[in-house]
Structure formats: structure tokens, C-alpha cells
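The values are calculated or read from the model by the stated rules, or taken from the named source; none is laboratory data. Quick caveat, the model's predicted, so the values are computed rather than measured. Backbone-built Cβ (ideal geometry, glycine too); neighbour counts: all protein chains shown. Just the protein is used for accessible areas: all its heavy atoms, side chains included, with ligands, DNA and RNA removed. Shrake-Rupley method; radii C 1.70, N 1.55, O 1.52, S 1.80 Å.
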Amino acid sequence: MVAPSKPITQDLTERFPGAVSKDTRPGYEGYIVSANKLTEVATAIRDEYGYEYLASVTGVDYIADGKLEVVYHASKMSGGASLNFKVQAPRDGEPEIPSLVGVWQGADFQEREVYDLYGLRFSGHPDLRRILMWEEFEGWPMRKDWKEVYYEQDAKPFKTRWPEGSVYRIEEKNRFNKNVRYPKGFDPRSFKSDGDEKLYALMRGEHLPEHQRINTDEIIVNMGPQHPSTHGVFRVVVKLDGESVVDLKPVMGYLHRNHEKIGERNTWLMNMPYTDRLDYLSGMGNNHGYALAVEKLIGSKVPERAEYLRVLMVELNRIANHLWAIGFLINDLGAFQTPMLYLAKQRELILDIFEATAGSRMMCNYMRFGGVVRDLPSRIRDEDTLDFITDLVAERLPAALDEIETLLTFNEIIRTRSIGVGVLPAKQAINGSAAGPLLRASGVPYDLRRADPYSIYDRLDFKVCTRPNGDVYDRYLVRIDEMRESIKILKQVLRDMPASGAIMDGESKYTHKVPNGESYGRVENPKGELGYYVVSNGAPNPYRYHVRAPSFINLTMLGDLCKGHKVADIVVILGSIDIVLGEVDR
Amino acid sequence: MNEVTVIIIDAAIKAAVMALVLLTGFAYMTYAERKVIAGIQVRRGPNRIGPLGLLQPAADGVKLFLKEDMMPTGADKLMFNLAPIITSIPALVIMAVIPVAPDWIVNGYTVRFVVADLNVGVLYLLAIGSIAVYGIVLAGWASDSKYSMMGGLRSTAQVISYELAFGLSMVGPMLLAQSMSLRDIVHAQEARGIWFMFLQPIGFLLFFITGLAELNRAPFDMPEAEQELTAGYFTEYSSMRFGMFFMAEYIKMIAVSGMVVTLYMGGYLGPFVNQFPPLGIAYFSAKVFFLLFTMIWIRGTLPRLRYDQLMSFGWKFALPVAMLNVLATAIVLVYVM
């Protein structure tokens, strides 16, 4: 990225007159860029304005205006608020806008997702296939006129189960019989999927000219979706030359439940427990991001004690998540579960705190718009709550981390297997929208808690941990460093937290009046930047609810990281990225 | 009864006992492994079936028998069936040449605590040990699965690479004892009054490490690397055919421990073993148990090496060191002693 000779203060509308205009809809901000100038504007935003990092790409279907909109959020690595720009396309026919993969590699999967869910094509995208749905899926599920069978009013089969006393199952008459809609002239019995064949052809290089295709003994292997170390139903298709990886493509969507569609059906508050299920190892952080996004729209002020409780829970959650991530990483290195179980011991205690406070160990559903739902209990495990947490934070967790360091950090096998493996250079990490420990292990000190402080992070003293090399070993070390920083934060929180006080802004209520507008709430989740883009049209439910899932976007670079390494390294690199399939597939 | 009949009956009894002991040993090895690893991992391990979970192996056996036996459609039927047998038979017969106690004269009849005292016992160990790898390769090839195939190939490469260092580290004791018979090697250790592991520390360590690699045990369990190849060469096997691979692996663990004990740790030697020879069985077993425990301990502690690292360790380190060790031993024996 070329640094601008002098800081550009010129407004985008002046820089590109005619092509860029301010978004003037009430409650909206940012710019609207015309589609034919998009690549040029995006390059300028990246190179001249210094927004090097494309955080989020998503679509919105404004059916009343007959428009599809793609919303981009770009950030500066030096921090500050993100820049939001939009492109609009007519929703009828075959809408198409230019792809930004050439500008930001990180747009790759996200554009595929928009295409998959909205049917908006991105011209110039190198590999525009469906990503979450399967290749033969009929329709664009996130469009407002796509009704989910059995769940949305027009498609519900239950309206008249007993018309005129005659009994029939309306499912039999439903045009979506068996929950599937077939295109005309389609016979499911004689159908054979060619979705995988397309992918394999791509891997075999059949799109290349004849002379570049060399028939060697390369084999294509499917790892997953049922595989012991893909951390869930994740699949990678690998082209192997002996033991070496020649090419790799991730395939996902096996756990896709259209979280966002469900989110648009639910009322604002009903989404809170759903966020727990995204990255189910860090439910607290998920709650926090969603609460922030909606609070921005509502404009509620979170009471002091509630802020401290939030940070307390989120940082405990970060430690729990990193313990688990490290345990699994070592497991992927072939250790027979031992380190994982040692770390799980500490994680259990953190989950005990969650259970005593929120009522559940993982699906916490703890935060509300304007506060948290419950105060700390008086006792945990027959101990005074504060004593329990203080003991955990001050004694047990540091001791456990020291133990990890002595047992694992300088283990010869771990070092030889992880140093220099899966190196992600800083430049590519930024360009590819890597987030969280993956980004910081490449030496980029970008942490939203510092870059764009939310909650009370601006008054807490902690360091943004980075490591210079960007390999698997550094990702492991960054996680350990971050846990130490989290302990530091927790100590300050325990010291400064008001002993009592309100935990909710006003009354807690079931329905919220959310003013019109858009909002992007983001938090530094253990796995990276977790963003929620929500749009309200004043209805009791979100008009648009999008999750910028760090696990999903971090996978964009998996192929590049693995190329040239051995089969065994795929698993390790995947483990070092630390994904949760609930969040990848949503 | 003529002499031949006696020899045949004698060998048959000993072989039967040996097979029985090994099969029971296998069953309880699985139990021991689970218990020891549970201990390492701050868990309890199997404790539901029988007192202390001691009947767990029986339950596992029953389970394996009752499981559906599946074969992939594209598999080569003959080879697919043959592979587990080829792997498990050598594991069972490898112990035949290892003496577990000194000769015992009862009522004028000499009881030899070895099934067959070959004068080329060491060669026998090497030869039989290498046959097992055919089973693995065939299993990988016959399964018609890419994972199995890769497991099989890795295994071939691994066993061939480590065979050399493994074989060379057997040469030290052979030179010291000036015999290839395992009984003579134990006798030599008795005569010198010191176990060969102290005379040949490098050879001993190499032998144990390469033994682990021969066994496909952690940290060299490449062919069945769960994290990468799901289960390696036996991915497609189920039911008792899987059980046979499992059995072969554990019995080979016992066999390799027996080899290490005999060659380097004085075999059955121990106090008063000459006064009351059956005591040798106890000493021999105790040493074998110690080595088995060490193997389980290593598995519970260490991550796995990567395939290429394993190969470079085998060829660039283990093999040259083993050769130098043999050379040094020979020079010392000829010119110094």
C-alpha cells in the first residue's frame, strides 16, 4: 500500500465528483458510489485515504426501492471509525457490480456470500460460486421476496388444517412439498450433482489452456466434512503432490442455517440468544457486539457497573476461548489430548462463573440493550463470588499460563512443527482482512479495543500483543500474550468496578422501539473483529441483520497459507486460525 | 514316546502358552494404555465394567465382534481380507525366539523357556518384524481409499527408513556377545556382569527410538495420524478386521519391548534367577512392563513429528549414528580388548 505523500482531507465527493455522493437517508451515513467507478474509488480509499483494511462486505435488499445495495466498511490500521460506502444495483434482471477482490483480497469470500444470498453478481471475481448454499440451490435466500418454507407467513402450511371438517395434510398440497422447490422440468430421481465436479475441474486446472495442464500423479483429496480435525463440518479439497499441498480450496456451508434470515424474522431482542450460537466458544463477546450495534441506534447509555460486568465477562471469555484454541492446536499437532485437558480444567472454572451469573455455561444470553440481564451472584461453588473470581484471575490462571509455557512453548517437537509453517505476511494479512490473533501474529498491532475503543476499554491499561513472524508458532504465542493481557484487564476491572449500582439503562423490556437507520457495531472478539451490521425501518424486527464473522473471513487466506506445505500442516494451520463452524457457516 | 514327539509336544505347549499370554497381554495393554493416559490427563479412565474397569477389554472384544463388518465397494476383496492376517501373524510369532527365563532342570528334564532357540535369532527378529509392513501396505492399497493409501505409503517409507537404523543398532550386542542367538546375548550380559544398555548407551537409545518408529507409535505414529489421515491405513476397516490391526499393534509393542529387554537390558537376568529359574519370567515381565509404560507415557506427552521431519531424522541422524556406533564398537572390540 502506497502511503500518500500528504494526508488527504478532501472529501470523497469532491475527489470523485459525480461518481460519489453522500448517503442522505435519515439515520444513514457514508457514501454511495456508482457501480462503474467502484474499483477506482475503492483503490483511492485504500491508497490515498489510508483505509487499508476492508472489514465487511454485505448486501441489503431494499425491495420497496427496487434496489440491491452492497455495503462496504473499510478501516484504517491506525485506528478510528470505519468508513462506510455503498453501491446500488437494480434488483431485477441479473444485477452485476464490479468485484473488489483485486483491491482487497478479503472481499473474496464475502462477495461470494453476497452473490450466494442475494444473487448479485460480481464481475471479475476469480471464483464466483455459491459458498454457503449448495451449487444447485434455487433462489436467493436473503432477498426479501424469498420466503422460507414453513416459517414465513405466506409459506406457512398451517393456516387451515381443518377446512370444512375435512382432514388433509396441507404439506401435501404445498408447492414447496418436502421443503424443496424444484425448477421446471427437473426430476430429482435422475439428478446427479455437478457442484463438486465443477470444483474438482477447477482443481485439476481444466480452465487452463491445454499446454499448462500437466498430467502428473497429483491426487485430489477431500478432507472433511467428516474428519476428526476440521473442527466441525468443514471441508477442504486438497490437491496433493505426494505429501505436499499444491492447491487447496475450502468448502463450507454444511452448518448453514441462514442465521441472518432468522435474525430478520426475530424481534430485536430475540436475536440476542441467537448470537450465542455463532461462535459458541465466546458467547459473551457475540452478545456484546450485537448489543453495541443496536445501542448505537437506540442511543441508550449503559450504566457504569454494567460496562464493567460486560468487560469482566468478555475478557474471561477471551481467556476461555484462547485456552481452548491452544489446546486444540496442540491436539492438531498430534498430542494425544493431554494439553487440551489440562487447559480445559481452567476453562471449566470460567464457565462456572458464567453459569452462576448468566445461567448457562456457553449459551449465556447475558447482555441486553442498555445493560446486562443479571448482576453477579453472591456465591459461586460455595465461595464468595469476588473471592472466587479474584483467586482465579490472580492465582490460578497465571499459574496455568506459566505451566503451559514451561511444558509447551519450548517443546522441541512443537517448535519444529510450527515455526515457519503457514506464514502470513503482514501486507497480505491486512489486504486479506485477517482479524484477531491471525492479524496480530503477523506483526500488525490492530486491536479494536485500542483502535476504535468501545465500552470502557479506553480507561483500561493493556498492551496490543503482536509477534513479528506470522507463522503458527507466533499465533500460538500471541494467544498466550493476549491471555496475560486479559488477566491484566481483569485485575483492573475487579479493582475499579463499582460495588453496586444499576445494571440496566431504564426498565428492561421485551420490545424496543428502534429508530430508522443503519449501524455497524464491532468488537474485538477472541477470533477477531466481530461486526454486526443492522438496518432498522422502525419495525419490531431488524430490516437487515448481518454478521461479519471473523472465522469465516479468516479462512479466505487458508489456501495461500497451506500451499507448499505438507498434508499434516493443513490441520495445524487450520487449528492456528482457530475457527468455529457455527460462525463460519452461520 | 520318541524324541521327535517330545519336541513337537514341547514346542506346541510353549507356543500355545505364548499365544495365550500375548493375547491376554494385548487385551490388558489396551486397558493399561487407557488407564495410564487417563492418569496423565487427570481423568479416571475406564472404571465401569468390573472392579476398576478390569473387564473393559472383554467388553471391547465383544463390541468389536458384534460390529458390522464393512468393506468398501472398490476394495480388492482378497487383499482386503488378507491384510489384517498378514499383519497380526508376525506380531504373534516374533516372540518365539526370545528366552524369558534360564533353563530349568525338573526331574532330569530340561525346560527351556523359549519356543525355539535359533542360532540366528536376531536375524529372525528382523525378518519377521518386516513382514508385518506388507499387511499395512496391502491394507492401504486394497481399501481403495485415498486416506488408506497415503497411510500405507507413509508406513512403507517409514518402516524401510527405520529398518536400517533399527537393524544396525542390533549389531552392537551381537558383536559384544559374538553370537546371533538371543540366549547367548543374555548369557554374555551375565558373563560380563553388566547390561549392554550401559556398554552401548547410544545403541540402546537408538534401538528404542527406532523401535517406536517401527511400531508406528507416538511420536512416530504417522501412518495412522488421526489428525490428518483420520486413521491411516485402517480407515476403511471395521469390526474384527480392525480388531486384528489393533491387536497386531499392541502385540508388537510387547514384542519390541521384549527385544529391547533381551538385547540391552539383560533379558531375564536378576537376583537369584539361577537358583530358581522361573523367577526369570517375573524379571523379564517387569522390564517389559517398564518399557511399555514408557511408550504409553511418551504417547500421552508428546505431539507428533511431521512426515518429512521423521524421514530426515531417520536418514540424516539415526542411520549415520547407528553406523558410527557399530564402527566404534567393532574397533574397540578388535584393537582395544
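General observations
- Scanning residues 5 or more positions from A:Ala55 or on other chains, those with amide H under 5 Å from its amide H are A:His73, A:Ala74, A:Ser75, with H placed 1.01 Å from N in the peptide plane.
- Note on the protein assembly as shown: dipole from Cβ charges, positive end direction compared against A:Gly564, B:Pro57, A:Phe462; the farthest Cα belongs to B:Pro57.
- Three-way shape label, the stretch A:63-157, alpha-carbon gyration tensor, a/c 1.5: prolate
- Of all lysines in the structure, the ones whose alpha carbon falls short of 24 Å from that of B:Lys14, not counting any fewer than 8 places away in one chain, are B:Lys252, B:Lys287.
- Delta accessible area of at least 40 Å² on complex formation, residues of the stretch B:142-158, 1.4 Å probe, chain isolated as reference: B:Lys146, B:Tyr147, B:Met150
- Our summary gives chain B a relative contact order of 23 percent, counting only alpha carbon pairs under 8 angstrom and 6 or more residues apart.
- With every protein chain in place and a 1.4 angstrom probe, the accessible-area ranking of A:Leu581, A:Leu255, B:Leu66, largest first, reads B:Leu66, A:Leu255, A:Leu581.
- Phi angles of the stretch A:119-136 translate, via the Karplus equation with coefficients 6.51, -1.76, 1.60 and θ = phi - 60°, into HN-Hα couplings of x, 9, 8, 10, 6, x, 6, x, 8, 8, 10, 5, 10, 9, 8, 7, 4, 8 Hz per residue; Gly and Pro are given as x.
- With every protein chain in place, chain A: carbon and sulfur % of accessible area (1.4 Å): 51
- Where the Cα pairs of chain A fall when distances are cut into 10 Å bins, in %: 3, 16, 27, 27, 18, 8, 2, 0
- Peptide B:32-45, shielding by other chains (average Cβ, 10 Å cutoff): 2
- Exposure rank, largest accessible area first [A:Lys513, A:Lys37; 1.4 Å]: A:Lys513, A:Lys37
- Chain A: DSSP helices with Cα axial extent of at least 18 Å and average Kyte-Doolittle hydropathy no lower than 0.0: A:283-298, A:304-332, A:338-358
- Per-residue mean of C-beta atoms belonging to partner chains within 10 Å, peptide B:295-303: 5
- Lysines with Cα under 28 Å of A:Lys345, excluding same-chain neighbours fewer than 8 positions away: A:Lys463, A:Lys488, A:Lys491, A:Lys527, B:Lys35
- Degrees between helix B:146-177 axis and first principal axis of chain B (Cα, 0 to 90, nearest 10): 10
- Relative to the longest principal axis of the Cα atoms of chain B, the long axis of helix B:239-264 makes an angle of roughly 20 degrees.
- When shorter helices are ignored and each DSSP H run of at least 4 residues is given -39500 (n - 2.57), the per-residue value for chain A at 222 nm works out to -10000 deg cm²/dmol.
- Exercise: per-residue mean of other protein chain Cβ atoms within 10 Å, A:324-336: 4
- Tilt relative to chain B, helix B:279-301 - C-alpha long axis, 0 to 90 degrees, to 10: 40
- When the residues A:Arg475, B:Arg241, A:Arg257 are ordered by accessible surface, computed with a 1.4 Å probe over the protein chains alone, the sequence from largest down reads A:Arg257, B:Arg241, A:Arg475.
- A straight Cα-to-Cα reach below 16 Å connects A:Lys301 with the lysines A:Lys509, A:Lys513, residues fewer than 8 places away in its own chain not being considered.
- Each label point was placed 7 Å from the Cα along the Cα-to-Cβ direction; for B:Ala15 and B:Ile131 their separation is 1.1 nm.
- Surface accessible to a 1.4 Å probe, A:Thr267 within the full protein complex, Å²: 40
- Cα-based shape type of the stretch B:72-183, given that a ≥ b ≥ c are square roots of the gyration tensor eigenvalues and the cut on a/c is 1.5: oblate
- Approximating the spin labels as points 7 Å out from Cα along Cα→Cβ, the A:Arg450-to-B:Thr73 distance works out to 5.7 nm.
- Here the simple spin-label model places points 7 Å from the Cα toward Cβ, and for A:Ala81 and A:Asp196 these points are separated by 4.9 nm.
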